[in-house]
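Please read the structure below before turning to the comments.
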Amino acid sequence: MVKESDFAWAEEPVPVPPAGGFLVRNLMLAFDPAMRGWIEDRPSYLPPVGIGEVMRGSTVGQVVSSEHPGFAAGDLVQGMLGWQDWVAFGPGAPFVSKLPKGASPTLALGVLGTTGVTAYFGLLDVGRPKAGETVVVSGAAGATGSVAAQIARIEGCRVIGIAGGPAKCAWLTGECGLDAAIDYKREDVGRRLGELCPRGIDVFFDNVGGAILDAALARIALRARVVLCGGISRYNEERPSPGPSNYLNLVVQRARMEGFIVLDYAARFGEAVQRLAQWVAEGRIAWRADVQHGLENAPRTFLRLFRGENFGRQLLEIASPPL
Ligand SMILES: NC(=O)c1ccc[n+]([C@@H]2O[C@H](COP(=O)([O-])OP(=O)(O)OC[C@H]3O[C@@H](n4cnc5c(N)ncnc54)[C@H](OP(=O)(O)O)[C@@H]3O)[C@@H](O)[C@H]2O)c1
């Protein structure tokens with residue numbers, strides 16, 4: 001299990017941008033379970049964060065001073081600016097995007113950010129649900145899972161969420177409008193899936209892996225789609241444990257199990273953000289943010305994800321807008 005002591009606090013002078021550049025102050029930092037993989041020295045879709053480097057992380061910041069023609073003091077920007085207060089950019093094209101005027105940093109890092117977009121493409125492009133089908137989502141009360149589950153509901157599917165604890169399950173069947181929720185900490189997931197999905201599971205959107213994936217695989221319907229979004233129950237394991245024993249049901253049911261990485265859809269993010277923003281504006285997608293405070297609490301806040309302490313998108317406020 002990742003520990004607070006795996007991170008070190010370091011102080012240095014506020015960086016000075018080169019001529020033609022600009023200075024950004026980070027305001028809000030988002031936490032992703034994937035960060036656990038980023039600090040592991042093994043090949044992955046991004047290089048690992050090196051020892052002593054600033055921890056990678058997605059933030060919204062504010063431009064504090066600028067000589068750059070594309071950015072003015074006061075602009076809100078979004079990018080992988082890391083677990084730090086200040087970032088200086090040179091005169092070239094920076095790896096940040098400007099938020100539209102009036103945009104909410106909380107929404108930009110959540111439903112309209114990576115987690116919402118992941119849910120959108122994972123469910124619609126990989127899962128391809130059809131109206132009337134049964135969709136099951138694990139990690140369903142989380143930032144990604146809750147949006148995936150509600151998109152399935154909007155698409156006319158019967159939706160069952162799996163989450164930890166009565167409060168999260170009540171939110172899923174209440175505000176989120178799911179047909180049912182299973183509390184995996186108190187209920188037998190396999191038995192409940194059997195009761196709730198008498199004709200099997202058509203789409204399983206998995207954020208958790210392990211025993212929950214195995215229980216779902218045992219109950220997939222003919223031509224089911226199993227979407228591997230993530231497997232948080234395994235991220236802290238020192239060595240990969242054996243795979244799901246029920247995988248041969250994929251053969252019996254002529255089903256498909258497919259992983260994806262949201263970055264592959266970068267060229268289509270605009271499409272997803274537009275539809276998600278519309279659904280949020282129409283009140284068709286409920287969402288929650290769990291906002292902690294103070295950059296010094298970054299490691300502690302990160303650990304909340306693995307203890308299920310976050311209820312909604314895990315964010316950390318680093319500073320309030322200074323301008
Ligand atoms: N493929 C991609 O491109 C991509 C992109 C973004 C995210 N993801 C994946 O999406 C998943 C959700 O990420 P998120 O940012 O939205 O986080 P999140 O779901 O908001 O937070 C993580 C949640 O995982 C659950 N959890 C933690 N340990 C668990 C365990 N051992 N067993 C079962 N559940 C556990 C907890 O909920 P409970 O209280 O319900 O246990 C916790 O609240 C992760 O697997 C992440 O890696 C994939």
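Observations on the structure shown:
- Of all aspartates and glutamates in the structure, the ones whose alpha carbon falls short of 17 Å from that of K101, not counting any fewer than 8 places away in one chain, are D75.
- Average Cα contact separation per residue, the range 100-184, under 8 Å, 6 or more apart, as relative contact order %: 24
- Per-residue [θ]222 nm for the chain (sum of -39500 (n - 2.57) over DSSP H runs n ≥ 4, rounded to 500): -6500 deg cm²/dmol
- Summed over the residues of the chain and divided among them, the accessible surface reaches 47 Å² per residue at a probe radius of 1.4 Å.
- Of the accessible area of the range 218-264, computed with a 1.4 Å probe over protein heavy atoms only, carbon and sulfur atoms account for 55 percent.
- Inter-label distance, nm, simple model (7 Å from Cα along the C-beta direction), R268/I51: 4.2
- Distance from the Cα centroid of the range 122-196 to that of the range 10-67 is 33 Å (rounded to whole angstrom).
- Taking θ as phi - 60° and the Karplus parameters 6.51, -1.76 and 1.60, the scalar couplings of the range 223-233 work out to 6, 5, 10, 9, 9, 8, 8, x, x, 4, 5 Hz in sequence order, x denoting glycine and proline.
- Within the accessible area of the range 120-178 (1.4 Å probe), percent carbon and sulfur: 51
- Computed over the range 1-103: relative contact order in percent, which uses C-alpha pairs under 8 Å that are six or more apart: 33
- Label sites at W9 and I154, each approximated as a point 7 angstrom past Cα along Cα to Cβ, lie 4.1 nm apart.
- Phi-derived couplings, Karplus 6.51 cos²θ - 1.76 cosθ + 1.60 at θ = phi - 60°, listed residue by residue for the range 71-85: 9, 10, 3, x, 4, 8, 10, 10, x, 7, 8, x, 7, 7, 7 Hz, with x used for Gly and Pro.
- Solvent-accessible area of the range 2-58 (1.4 angstrom probe, protein heavy atoms only): carbon and sulfur portion equals 57 percent.
- Relative intensity of the range 1-152 on a log10 scale, I(q)/I(0) at q = 0.10, 0.12, 0.21 Å⁻¹, equals -0.46, -0.64, -1.31, per a Debye sum over C-alpha point scatterers of equal strength in the absence of solvent.
- Contour minus Cα-Cα distance for R186 and V252 (0.36 nm per residue): 20.7 nm
The values are calculated or read from the model by the stated rules, or taken from the named source; none is laboratory data. Please read these numbers as outputs of a predicted model, since none were measured by experiment. Positions of Cβ are generated from backbone atoms using ideal geometry, with glycine treated the same way; all protein chains shown enter the neighbour counts. Heavy atoms of the whole protein, side chains included, go into the accessibility calculation; ligands, DNA and RNA do not. Shrake-Rupley method; radii C 1.70, N 1.55, O 1.52, S 1.80 Å.
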